[in-house]
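Note sheet for the following structure.
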Amino acid sequence: MSTLPQERRVVTAIPGPKSQELQSRRTASVAAGVGSVMPVFAARADGGIVEDVDGNRFIDFGSGIAVTTVGASAEAVVRRASAQLADFTHTCFMVTPYEGYVEVAEQLAELTPGDHAKKSALFNSGAEAVENAVKIARAYTKRTAVVVFDHGYHGRTNLTMALTSKNMPYKQGFGPFAPEVYRVPVAYGYRWPTGAENAGAEASAQAIDQINKQIGAENVAAIIIEPVLGEGGFIEPAKGFLPAIRQFASDNGIVFVADEIQSGFCRTGQWFACEDEGIVPDLITTAKGIAGGLPLSAVTGRAEIMDAAHSGGLGGTYGGNPVACAGALGAIETMRELDLNAKAKRIEEVMKPRLTAMQEKFDIIGDVRGRGAMIAIELVKSGTKEPNPEATAQIAKACHTEGVLVLTTGTYGNVVRFLPPLVIGEELLTDGLDVLEAAFAAL
């Protein structure tokens, strides 16, 4: 049960006086390159609510970017992490190992798709997981090239910036980037020139043709894709696309990596989004929802691939920190006990019809898409498919002012995405959607 009242409440202007005071301190001491979606400072968060320092309560449609899937202070996460804090905070797994790391690896082997022998390595962030997946794939295949997709996002380190599709704000001014990275088309149904029904077959054929012609399949170590593309705009690749790419990888000895950092851990109504079309990846990268808000990430995959790196070749001082591992075990316990896959499907049942009805009423909503509690609307200029980032920003700001925390995304900056905690109450979902609809009506 949440200790924080689960209701929206706006008692000051947004931002309130205490947030404004903290903002001035922040401006003086925090680097300008670190942005924030909302100019309010959090004091407490639980269930589907974030409360700021001025006492305003926001309906949380962001989950800290898909991190607080089990809520921002889930009982099992707090209990397990607190117990671990009292025992020890760190030894470094590479110095003296501990059971929590092993237990997380065992859980990942059980939960991820496929019944083959699996092993894991733990890290701190999603970008680290992706970077290490590339290292492992290169060690296993003895090849160098890496293939990624239009609209993909994989992180902010040098290598993962190279893998990421969108320039601003992720790459602008930060090059040169890592070499041997190649980008091919993805089946973006809403924007596919010959229509969504053709996107799967045509995009996969184009991607495979480009790989064969421009790189040579025999030179490719890894193909990396998000089964639902996150920062690119919650794009679900059109049906048939992922199976075709997966088959191509299998046929050519290429390591197929599913980047499930945003889409994993019950977010789409399945443990992992790649299960939707029966995809069994060779490697799967996870982070975000894995540990209830504590920094943890993982690469999990076929034992023979995971073992390709030499001893000492993988690791890091904080990777698989014991407190974060305890948090992960608490998050997984919560997901199982509350059946958060079913909760995610129920969130889709509540949200999708409301958003579709809004689409019929407001012609700037070009597309409603997503699965489970990973839902988005793409905004366009009336009567066209031209992206409408201006309206997107206005809608987000209107929601924020009324106490609903929403995030925008998309290669063109024209997508409003919804990532509520899976423990959110239905009355909060409905209230948040009412606020969103009023924002569209006012626009």
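The values are calculated or read from the model by the stated rules, or taken from the named source; none is laboratory data. If you're wondering where the values come from, they're calculated on a predicted model, not measured in any experiment. Virtual Cβ from ideal backbone geometry, glycine too; neighbours counted across all protein chains shown.
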query = Among the residues of segment 249-262, which ones are crowded, with 24+ Cβ neighbours inside 10 Å and more than 17 Å from Gly301 (Cβ to Cβ)?
reply = Gln262
Residue check, Ala81 in contact with a strand residue (DSSP E or B) (Cβ under 6 Å, 6 or more places away or on another chain), in contact (Cβ under 8 Å) with a residue 12 or more places away in the chain, closer than 21 Å to Asn124 by Cβ and of a type in the set (A, V, I, L, M) = no
query = Does Thr384 qualify as being more than 29 Å from Ala291 (Cβ to Cβ), outside the structural domain of Gly126 (by TED's automatic domain parsing) and surrounded by fewer than 20 Cβ atoms within 10 Å (Cβ to Cβ)?
reply = yes
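Yes or no, residue by residue, for (1) modelled with pLDDT under 95; (2) under 25 Å from Cys274 (Cα atoms); (3) under 18 Å from the mean Cα position of the chain (by Cα):
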{"position": "Gly330", "(1), (2), (3)": "no, yes, no"}
{"position": "Asp339", "(1), (2), (3)": "no, yes, no"}
{"position": "Arg346", "(1), (2), (3)": "no, yes, no"}
{"position": "Arg354", "(1), (2), (3)": "no, no, no"}
{"position": "Asp363", "(1), (2), (3)": "no, no, no"}
{"position": "Arg371", "(1), (2), (3)": "no, yes, yes"}
task = Residue by residue through segment 264-282, note down the ones that are under 14 Å from Pro113 (Cα atoms) and either among the aromatic types (Phe, Trp, Tyr) or under 13 Å from the mean Cα position of the chain (by Cα) (or both).
result = Gly264, Phe265, Cys266, Trp271, Phe272, Ala273
task = Mind listing whichever residues of segment 143-163 are buried (at least 24 other Cβ atoms within 10 Å of the Cβ), of a type in the set (A, V, I, L, M), out of contact with any His (no Cβ under 6 Å at 6 or more places or on another chain) and within 11 Å of Val130 (Cβ to Cβ)?
result = Val146, Val148
ask   = Which one of these does Ile136 not meet: (1) β-branched (Val, Ile, Thr); (2) surrounded by fewer than 19 Cβ atoms within 10 Å (Cβ to Cβ); (3) closer than 17 Å to Gly313 by Cα?
value = (2)
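Tally up the residues in segment 229-248 that are hydrophobic (A, V, I, L, M, F, W, C) and surrounded by fewer than 24 Cβ atoms within 10 Å (Cβ to Cβ), please.
3
Based on what the data block shows, is Glu348 touching a residue at least 12 places away in the same chain (Cβ under 8 Å), outside the structural domain of Leu108 (by TED's automatic domain parsing) and not in a helix (DSSP H, G or I)?
Taking the combined requirement at face value, the residue does not satisfy it.
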note = The residue from Val104, Val67 that alone is out of contact with any Asp or Glu (no Cβ under 8 Å at 6 or more places or on another chain), surrounded by 19 or more Cβ atoms within 10 Å (Cβ to Cβ) and not assigned by TED's automatic domain parsing to the domain that holds Cys325 is Val67
query = Out of segment 390-443, which residues are surrounded by fewer than 23 Cβ atoms within 10 Å (Cβ to Cβ), assigned to a helix (DSSP H, G or I) and hydroxyl-bearing (Ser, Thr, Tyr)?
reply = Thr401, Thr430
Selected residue (only one of Thr384, Thr356 is free of Cβ contacts under 8 Å to residues at least 60 places away in the same chain and either in a helix (DSSP H, G or I) or of a type in the set (Phe, Trp, Tyr) (or both)) = Thr356
Lone unmet requirement of (1) over 16 Å from Val404 (Cβ atoms); (2) crowded, with 16+ Cβ neighbours inside 10 Å; (3) touching an Asp or Glu at 6+ places or on another chain (Cβ under 8 Å); (4) in contact (Cβ under 8 Å) with a residue 40 or more places away in the chain for Asp46 = (3)
Single match in Pro15, Pro5, Pro97 (criterion: surrounded by 19 or more Cβ atoms within 10 Å (Cβ to Cβ) and either in contact with a Lys or Arg (Cβ under 8 Å, 6 or more places away or on another chain) or farther than 22 Å from Thr430 by Cα (or both)) = Pro15
query = Has segment 164-187 got any residue that is in a loop (DSSP other than H, G, I, E, B), within 21 Å of the chain's Cα centre (by Cα), aromatic (Phe, Trp, Tyr) and buried (at least 20 other Cβ atoms within 10 Å of the Cβ)?
reply = no
query = Which members of segment 113-133 meet the condition of being touching a residue at least 40 places away in the same chain (Cβ under 8 Å) and not in a strand (DSSP E or B)?
reply = Pro113, Gly114, His116, Ala117, Asn124, Ser125, Gly126, Glu128, Ala129, Val130, Asn132, Ala133
ask   = Got a sec? Which of Ser263, Ser311, Ser250 is part of a loop (DSSP other than H, G, I, E, B), over 25 Å from Val78 (Cβ atoms) and free of Cβ contacts under 8 Å to residues at least 12 places away in the same chain?
value = Ser311
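Report, by residue number, each residue of segment 194-219 that is farther than 18 Å from Ala145 by Cβ and outside any helix (DSSP H, G or I).
Of all residues in segment 194-219, those farther than 18 Å from Ala145 by Cβ come to 194-205.
Hits for segment 194-219 are Thr194, Gly195.
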inquiry  = For segment 20-41, which positions are closer than 20 Å to Ala393 by Cβ and either surrounded by 15 or more Cβ atoms within 10 Å (Cβ to Cβ) or of a type in the set (S, T, N, Q) (or both)?
reply    = Gln23, Ser36, Met38, Pro39, Val40
